[in-house]
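This report concerns only the one structure given below.
Only the coordinates and a few stated rules stand behind these numbers; no lab work does. Quick caveat: nothing in here was measured; it's all calculated off a predicted structure. Every residue, glycine among them, receives a Cβ derived from its backbone with ideal geometry; neighbour counts consider all protein chains shown.
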Amino acid sequence: MDRPVVTIIGAGVAGLACATELAARGVAVEVLERAAHLGDGACSWMAGGMLAPWCERATTDEIVARLGEPSIDWWRQHFPGTVSKGSLVLTPPRDAADLTRFASRTERHEWLDADGIAALEPDLVGRFRRALFFPDEAHLEPRKALVALAAGLEARGVPIRFGVDVKPSVAGSDFVVDCRGLAARDELPDLRGVRGEMVVVRTSDLSLARPVRMLHPRIPLYIVPRGDGIFMIGATMIESEERRAVSVRSAIELLNAAYTLHPAFGEAEIVELGADLRPTFPDNLPCIRRNGRVLHANGLFRHGFLLAPWLARQVADALLLETRDADIPERRHA
Ligand SMILES: Cc1cc2nc3c(=O)[nH]c(=O)nc-3n(C[C@H](O)[C@H](O)[C@H](O)COP(=O)(O)OP(=O)(O)OC[C@H]3O[C@@H](n4cnc5c(N)ncnc54)[C@H](O)[C@@H]3O)c2cc1C
């Protein structure tokens, strides 16, 4: 391994995706992470892992779908555990109008009747009359995906140094990519945290092949199957930077959604309750900002896994031009 040309600070999904993209393009890179272990203290560890660009159209700018669509292939390439079985959107019969409204704000979906729902998800037979199916969407287990990215970097000889708490201004290499998530607020004052809470449960009485969204007036709730009877139920979205455990109210709402989807969730075991703050810019879109030799790559909001591949490509494109110049300094004076 050559002396790193690029130091990446932060081993969340942004940092690991940037390192993967740069290493794949032949740039000598290292990753510095302040936690002792992968995922400790990273917002990425709490994510649902939905790769759902078209569903997201219901509540976000169309650019999220456009930039997020190619990510599904990126994840398939870098994480074989990416599941491409689409996603389902449901609502209890009394809220049928919400489903029609959701359909009008999104694209790339098909309407399903009760038989169509049962054909895709046999355990939901007889429970819902209509659903929207987004066949091109995908999902992944974020923790396994991060482990896979880290292993891929290790296989390429990219060091990930844990327990290193560093500021971009003092990192020693030619270029620095600041992927510290919300911790980068010391240099990005307009970054804010948007609180998200989730619950993980286990039940062997039910199986789902794909994520299911339950339309809800306040929380866009979803249930993501993680295999082996594990389901992640997420996620609240609260304009608050309080770092405390999941509130009773949020837990009730999340668990209620699961119970509405299927009563088998009533007997499920609660395996984990988790909360974190999503790093978010005022327009809720990610961006890359340059400050001398430092690139700040941040603002993934609720689209960490969906938009990290895009962010990584932008960073690699920007740095590749720079590192070429750095390798051949004469060119600057030609
Ligand atoms: C409940 C919940 C559900 C979500 N669901 C989804 C979803 O389904 N799909 C999706 O795409 N997104 C989802 N998100 C959003 C996603 O998790 C975030 O957008 C994403 O994790 C942000 O990644 P990041 O790498 O920027 O930040 P982080 O994951 O927070 O990573 C930052 C890293 O930098 C390290 N660090 C900080 N300071 C320093 C320092 N000084 N030196 C060294 N290292 C440092 C931290 O320890 C951390 O590891 C969800 C978020 C939450 C909370």
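For the chain, the longest principal axis of the Cα atoms and the long axis of helix 96-105 meet at an angle of about 30 degrees.
Phi-derived couplings, Karplus 6.51 cos²θ - 1.76 cosθ + 1.60 at θ = phi - 60°, listed residue by residue for the stretch 226-238: 10, x, 6, x, 9, 10, 9, 10, x, 9, 6, 9, 10 Hz, with x used for Gly and Pro. Treating each Cα of the stretch 93-207 as an identical point scatterer and ignoring solvent, apply the Debye formula and state log10 I(q)/I(0) at q = 0.09, 0.10, 0.11, 0.22 Å⁻¹. Listed by q, the Debye log ratios stand at -0.54, -0.64, -0.73, -1.36. Overall, the ratio between the Cα radius of gyration of the chain and 2.2 N^0.38 Å, rounded to two decimals, is 1.03.
Approximating the spin labels as points 7 Å out from Cα along Cα→Cβ, the Ala114-to-Asp283 distance works out to 4.7 nm.
With the simple spin-label model, which puts each label point 7 Å out from Cα in the Cβ direction, the Asp186 to Glu267 separation comes to 5.2 nm.
A simple spin-label model places the labels of Ser240 and Ser207 3.8 nm from each other, with each point 7 Å out along Cα-to-Cβ.
What percentage of all Cα-Cα pairs in the stretch 38-140 are separated by more than 24 Å? Everything past 24 Å amounts to 31 percent. Counting only alpha carbon atoms, the long axis of helix 142-155 and the longest principal axis of the chain meet at about 30°. Helix content alone sets the calculated 222 nm mean residue ellipticity of the chain: runs of n ≥ 4 DSSP H residues at -39500 (n - 2.57) each, divided across all residues, give -9500 deg cm²/dmol.
Karplus-based coupling profile of the stretch 77-84, in residue order and whole Hz: 5, 9, 9, x, x, 5, 9, 10, with θ = phi - 60° in 6.51 cos²θ - 1.76 cosθ + 1.60 and x standing for Gly or Pro.
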